[in-house]
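Presented below is the structure to which this report refers.
Every number here is computed from the coordinates shown, using simple stated rules; none is lab data. Bear in mind that the values here come from a model prediction, so they are computed numbers and not experimental data. Quick reminder, even Gly has a Cβ in these numbers, built from the backbone with ideal geometry, and neighbours come from all protein chains shown.
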Amino acid sequence: MQRVLFSPARQALRGLRCGHVPVSTAINSRALLRHQAEFRRWSSTGSTSGSNKRSSDEHKHEQEQEQEQSTSSKSLHFLSKLPRSVILLLVLLPSTVILYNASDTFKHTTLAGQRCARCAQAFVANVTDYKLTLGRSYATEDDKWDSLARCHKRCAERVLTVLKANGGVFIKLGQHISSVALLPLEWTSTMRPLQDQCNPSSIEDVNRILKLATGKDTDELFTEFNPTPIGVASLAQVHIASDKSSGQKVAVKVQHPGLDEYAEIDIKTVQLISKAIKKLFPEFEFTWLADEMAVNLPLELDFRHESNNANRCREDFASKSKTSLYIPDFLWSHKLALCMEYIEGARPDDLNFLQQHNIDRNQVAKELASLFSEMVYINGFFHADPHPGNLLIRPAKKKSRSPYNFEICLLDHGLYFDLSDDLRVNYARFWLSLMKPPSEATFKERRHYAKLVGNIDEDMYAIFESAITGKAGLEGAYDHEVNGGPRKHQRSGGILDNTPAGNASDVERLRSALVTKEGLLTSVFELLRNLPRRLLMVLKLNDLTRHLDTSLHTTHGPTRVFLIIGQYCERSNHRATLAEIASRWSNNGASVAILWSYLTEYLRHFKTSIAFSTLAGLQDVKSNLVIWSKWSYALCAHGFEGASKVAAGIDEQEKAKDEEEKARQLE
């Protein structure tokens, strides 16, 4: 069958290959081939349909490839026309986003660069602002100082914006600036909101930090944990919880995330900026602040250090049978978190709370001054950050050691300093010399101890005295006045005098002088640069305690705090003098001269102590009379409730807040 069908075709093909086949034969051959193809299609229909499908798919695939090649060629053509910088940006942007989310190191480096850029931007803007302001010509001196005051305000607001944006360590820096009373008012008032305005960390971050610090989840540590913090500070925040092991109500302090990673770069940023300021404005040097920050910040970021400070402070007061100081117990402490006894109370400047619990605000102010004076002049180990947020007043418990109806609870023990015995005693003796009546011998004594304490020469003495006392200069502070030169103001002979120079407006006068007296602000920065670091922290403590006394709106006057300081300085001086006499006895043996020294020292101490106690008692009587007179007048005008508010100082505090709010709105 195959031979019959296909032999003519084979012959025809053979003829075609040889080139001798006639046309008719070739046509017949083609017909046979078509017939053969039709037969094959008829005999294998299924196989042929699959082959057609494959052919169609291959055709579609080829079309898709052609479209992709066309699109790719168009994209390449489009990219070839773009600038190289744009192409580089298109490549780097997605890779940067991926790295930022995948690598913690890259993320922290990026954020650190962003923080540095904010600081650099504010620095350049402020330097330009100050250069232009100081370089202008003015019609009058008043125009010049008004313009400089406005420049201070603008620059302070720029810095405040940066500090808030960077947070953490920079908030701490702003709080320190706000507490230095000798800086221009525009700077300190602008930074003051940082004392209370800090952003909280999320509960997820809190749980993560607790896990990192303790190795346990929050549920393993506490039966209850309030996710809303009761207090937020620059470095940490505090939550109320119930301890799982004891069932005790506790306060859990958790460090904000990222501070440890950013601390080093933040310190270097501040140091770099302070060096740049020194280069551009040599008279305004902040390197001392950056150096102090570099030493203290790592300690504050380790909460185990805070626990050790609290224990040492508790031991310093453990031997006292009566004290209003209370330090919470610590259950545990780690580097990033700690757990301590929960204290219920209110800030010392919460006059409504004091009134509700019948607590005398004047007594609170006196106890605050007493506690911190004992730390500085007796113990030589002091809490260096006692702003109102770190203190709580609560009613005294049944077994309390407090001699009054309240206790002062001291919180946040991260920043403490110790003083050497020589510095502590000489500083106390300097204070005592400031309280003596003016005389040639007194002026020499003040300068002698200023030299021992801070290496203060004659040209810096007046600034140093003002920094210590908060007054605009006592009699004898200025050398030309001591030598009979002219004086512009009536001056107090000592810090206990109530002459016009010794009233509550001294700090404002001093700040005004910093703005309006050329060269005075420069002298302040020189003083801050040269003083021992420990003494700088004592100055900060003085400013904070004075602010506490002012915020309580006491009626005993500013000299009452100085009397308390004088009493503790006298105790320190008396102990040191007895130790010196005992050392002479030990080295030289007993003698009539040494016995006489003992006798005269005891008599001197007794006389001085009686003088301080008498003056303090008289001022307390006076302050009570002021309260009763205010209460009696308000009773007639506003009734019993209004009289109670006036007597508690609430009315005066509300008026002060209204005035501050109006001043802010005017700004």
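Label separation (LYS322 vs ARG304): 4.1 nm, computed from points 7 Å beyond Cα along the C-beta direction. Considering the dipole of the range 312-435 built from charges on the beta carbon (Lys and Arg +1, Asp and Glu -1) around the Cα centre, which of ASN390, ALA369, SER319 is farthest to its positive end? My answer, from the dipole projection, is SER319. Each Lys and Arg adds +1 at its Cβ and each Asp and Glu adds -1 at its Cβ; summed about the Cα centre, the range 218-348 shows a dipole of about 340 debye. The convex hull built on the alpha-carbon positions of the range 315-472 has an orientation-averaged projected area of 12.3 nm².
Couplings for the range 419-426, taken from phi via the Karplus curve 6.51 cos²θ - 1.76 cosθ + 1.60 with θ = phi - 60°, read 10, 5, 4, 5, 5, 4, 6, 5 Hz in order; Gly and Pro are left as x. Placing R0 at 51 angstrom, the Cβ-Cβ distance between THR128 and LYS655 gives a FRET efficiency of 0.80 after rounding to 0.05.
3J(HN,Hα) along the range 326-337: 9, 10, x, 6, 9, 7, 7, 8, 10, 4, 9, 7 Hz, from the Karplus curve 6.51 cos²θ - 1.76 cosθ + 1.60 with θ = phi - 60°, whole Hz, x for Gly and Pro.
Residue separation of ALA579 and VAL592 scaled by 0.36 nm, minus their Cα-Cα distance, works out to 3.0 nm of gained length. Please state the shape class of the range 571-618: rounded when a/c is under 1.5, otherwise prolate if a/b exceeds b/c and oblate if not, all from the C-alpha gyration tensor. Because a/c hits 1.5 or more and a/b fails to exceed b/c, the range 571-618 counts as oblate. Determine the shape class of the range 530-599: with a ≥ b ≥ c the square roots of the Cα gyration tensor eigenvalues, call it rounded for a/c under 1.5, and otherwise prolate if a/b is greater than b/c, oblate otherwise. Taking the square roots of the gyration eigenvalues as a ≥ b ≥ c, the range 530-599 is oblate.
Spelling out what I want: for every residue of the range 313-322, take phi, set θ = phi - 60°, compute 6.51 cos²θ - 1.76 cosθ + 1.60 (Karplus), and round to whole Hz; glycine and proline get x. Karplus values, whole Hz, x for Gly and Pro: 5, 4, 5, 4, 9, 5, 7, 7, 6, 10.
Here is the list for the range 276-369: GluC sites (Glu not before Pro) lying in DSSP coil, each with at most 15 other C-beta atoms within 10 angstrom of its C-beta, are GLU283, GLU344. Using Cβ point charges alone (K and R +1, D and E -1), the dipole size of the range 310-376 about the Cα centre works out to roughly 160 debye.
Available extension along the chain between THR550 and GLN248 is 105.1 nm, counting 0.36 nm per residue and deducting the alpha carbon span. Take the alpha carbon gyration tensor of the range 102-195, find the square roots of its eigenvalues, order them as a ≥ b ≥ c, and report rounded if a/c is under 1.5; if not, report prolate when a/b exceeds b/c, else oblate. In terms of gyration-tensor shape, oblate.
Exactly which trypsin sites (Lys or Arg not before Pro) in the range 142-238 are in a DSSP loop and have at most 14 other Cβ atoms within 10 Å? Answer by residue number: LYS216.
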